[in-house]
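A short write-up of the structure that comes next.
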Amino acid sequence: MPGCTGSPEEQFYGSVTVGERGQIVIPAEARRQLNINTGDKLLVIGHPASNGLLLCSIEAFREFIAGLMEGVNRAEQKAGEESEDE
């Protein structure tokens, strides 16, 4: 997803504490760098193989899915071209 490049140190913004109502505060540096503003809607996605969570904007998720679909389309085209060559 956008913003998911660089070393782990560049992507680590600190830790947060879950409050009584289940709320967390996203560190200010992360909000600035990722352009997260008051009122923005974020998706909360659980990782199927771990106890981790991913937060991302709907737009960033759309861009990620669009990139995946481009890869699928290229793979389908290549597979079609290879089967025509046989």
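Read-outs throughout are calculated quantities, based only on the coordinates presented, and are distinct from any laboratory measurement. Note that the structure is predicted; figures quoted are calculated from it, not measured. Here the Cβ is made from the backbone with ideal geometry for all residues, glycine too, and neighbour counts use every protein chain on show.
Any idea what angle helix 58-85 forms with the longest principal axis of the chain, computed on alpha-carbon atoms, 0 to 90 degrees, nearest 10?
On a 0 to 90 degree scale, this one is about 20.
So what is the calculated 222 nm ellipticity per residue for the chain, using -39500 (n - 2.57) for each DSSP H run with n of 4 or more, over all residues, to the nearest 500 deg cm²/dmol?
Result for the chain, helices only: -14000 deg cm²/dmol.
For a Förster distance of 35 Å, can you work out the FRET efficiency between the beta-carbons of Leu53 and Ala75, rounded to the nearest 0.05?
FRET efficiency, Leu53 to Ala75: 0.75.
In nm, to one decimal, how far is the modelled label at Ala28 from the one at Arg62, with both set 7 Å along Cα→Cβ?
Here the modelled spin labels are 3.1 nm apart.
Mind putting a number on the dipole of segment 8-85 about its Cα centre? Charges go on the C-beta only, +1 for Lys and Arg and -1 for Asp and Glu, and I need it in Debye to the nearest 20.
With Lys and Arg at +1 and Asp and Glu at -1, about 620 debye.
Where is the GNM fluctuation largest for the chain (alpha-carbon springs, 10 angstrom cutoff): Ala66, Ala30, Ala49?
Comparing Ala66, Ala30, Ala49 in a Gaussian network model of the chain, the most mobile one is Ala49.
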